[in-house]
2 protein chains.
Amino acid sequence: MIQPPEEMAIDTRPWCRAHRGRDYSFDEFLKLIESFHGYPAPGVLIGAKMADIAMRRMPAGVLFDAVCETSKCLPDAIQLLTPCTSGNGWLRVVPLGRFALTLFDKRSGHGIRVYVNPAWLEPYFETRYWFFGTKPKRKDKSDLLLQEIRQAQDRLYGIQEVRVKPEFLSKTPSGPRAICPECGEAYPGGHGLICRGCRFETGYLLSEEIK
Amino acid sequence: MIQPPEEMAIDTRPWCRAHRGRDYSFDEFLKLIESFHGYPAPGVLIGAKMADIAMRRMPAGVLFDAVCETSKCLPDAIQLLTPCTSGNGWLRVVPLGRFALTLFDKRSGHGIRVYVNPAWLEPYFETRYWFFGTKPKRKDKSDLLLQEIRQAQDRLYGIQEVRVKPEFLSKTPSGPRAICPECGEAYPGGHGLICRGCRFETGYLLSEEIK
């Protein structure tokens, strides 16, 4: 039987697997990205492959936390595929600006770091343009970009065995809450005599008005 | 017909509504919390009611961003109900330690802030114990706690009209990426001559080894 050339073949491999074992096809995961992230972002697609690579290399049964080195796109891939979310304390975003994630054993700190290796983007023009931000976003090329990422499979990513600093392993419990004498709201007593929201330099509000 | 006392009546009101219009019953949303957050956290349940209250008060059609004043639980409620996620840039966690969220118009900065009002927790013993962290967590009481939160409906939350500081409205584009001469990875060129990951003081890794 005549086979189509490789790049024309219909790719039936799953794109990624979630921590509970569910496989997502490329198109299924693209839909999940749209529903959670708002639009089919290439960064979340790439991030899903990265999270998938890292999870497959973690020893079975290990409870792991995640560190994400950028706040752009990648946190959502981690939240969609691993048990780690922004709100449950198992995902920490450390804004280093690198497109990289680490999953690590909560107790030992040993883990796997996966990153985009710029050298390996060379043959993928659209991906390179998008990743380096050297050309304005081209909406008409966005499907080409997604298909390039798909074709590249796991060829864009470097993998490292790493150890995480001890201060990232232990979580200091926030202790009992106190009532702030300025706003009357509760806050972690250890923060000081008034809450951080009532110190102008840390707040984000210009004005407030009780309804 | 004889009616059961109010606290015994089966509560059929939806607990919260997601931004696309889907209503969740209390039990449905508890399941969604378990699947995303890992366990039926009271903080996410409370957070969902808070996000619901805030969204209903935003003018129709306004594009809004979210600020969350704690990293505990509340970010997940915001991510499950609003279009704002950690990875799409529309949710910002400002770690003030208060259990409060603000949704605001991306352009004008006008918005709605919803917070837990400690004074209104008075009649809800389990909720008060849990919120103030004054007693150790009691697993056997966790269902009682969830049911108390349910019965309280929207009676625990204060609402304010607020304006957000201008620096929270504009997002500085990160600009083109450069290659770090130390690690060979890409990073936002504006960060300096080497990437933040290669400055020991900002990194989170003790050691790394290329596989």
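The values are calculated or read from the model by the stated rules, or taken from the named source; none is laboratory data. Not measured: the values here are computed from a predicted model. Positions of Cβ are backbone-derived with ideal geometry, glycine not excepted, and every protein chain shown enters the neighbour counts. Ligands, DNA and RNA are excluded from the accessible area calculation, which covers all protein heavy atoms including side chains. Shrake-Rupley method; radii C 1.70, N 1.55, O 1.52, S 1.80 Å.
If I take R0 = 51 Å and measure r between the Cβ atoms of A:Phe132 and B:Lys135 in this structure, what FRET efficiency does the formula 1/(1 + (r/R0)^6) give, to the nearest 0.05?
Details: r = 54 Å, r/R0 = 1.05.
With R0 = 51 Å, the Cβ-Cβ based efficiency is 0.45.
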Just want the answer: with Cβ charges of +1 for Lys and Arg and -1 for Asp and Glu, which residue in A:Gly190, A:Ile179, A:Val164 is farthest toward the dipole's positive end in the stretch A:153-194? A:Val164
For all pairs of alpha-carbon atoms in the stretch B:90-211, what percent lies in each bin of width 5 Å, listed from the first bin to the last filled one? 2, 8, 12, 12, 10, 10, 10, 10, 10, 10, 5, 1, 0
Relative contact order %, chain A, counting alpha carbon pairs below 8 Å whose residues are six or more apart: 15 percent
Kindly report, to the nearest 10 Å², the accessible surface of B:Arg196 as traced by a 1.4 Å probe over protein heavy atoms only. 80 Å²
Counting only protein chains, not ligands or nucleic acids, how are B:Arg107, B:Arg113 ordered by accessible area (probe 1.4 Å), most first? B:Arg107, B:Arg113
Spherically averaged projected area of the stretch B:12-111 from its Cα convex hull (nm²): 6.2 nm²
Going residue by residue through the stretch A:93-102, the Karplus relation 6.51 cos²θ - 1.76 cosθ + 1.60 with θ = phi - 60° gives ³J(HN,Hα) values, rounded to whole Hz and with x marking Gly or Pro, of 9, 10, x, 8, x, 8, 7, 8, 9, 10
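Assuming 0.890 mPa s and 25 °C, estimate D for chain B with Stokes-Einstein, Rh taken as the Kirkwood radius over Cα pairs, in µm²/s.
Details: Rh = 19.7 Å.
In µm²/s, the coefficient rounds to 125.
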Which value in Å does the Kirkwood hydrodynamic radius of the stretch A:113-161 take, with 1/r averaged over all unlike C-alpha pairs and then inverted? 11.4 Å
Other-copy label distances relative to A:Pro176, 7 angstrom Cα-Cβ extension, nm: 5.8
Springs between alpha-carbon atoms under 10 Å, Gaussian network over chain B: tell me which of B:Thr82, B:Thr172, B:Thr70 tops the mean-square fluctuations. B:Thr172
If each label sits 7 angstrom from Cα along the C-beta direction, how far apart, in nm, is B:Asp23 from its counterparts in the other copies? 4.0
Shielding of A:73-79 by other chains, given as the mean Cβ count within 10 Å, works out to 4
Under a 5 Å amide H to amide H cut-off, with H placed in plane at 1.01 Å, what residues pair with A:Leu205 once short-range neighbours are removed? B:Lys165
Could you work out, residue by residue across A:173-180, how many beta carbons of other chains sit within 10 Å of that residue's beta carbon, and then give the average as an integer? 4
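The protein assembly as shown: Rg/Rh from Cα coordinates, Kirkwood Rh? Could you put the intermediate results ahead of the total?
Numbers: Rg = 22.7 Å, Rh = 23.1 Å.
When Rh is taken as the Kirkwood radius, the ratio is 0.98.
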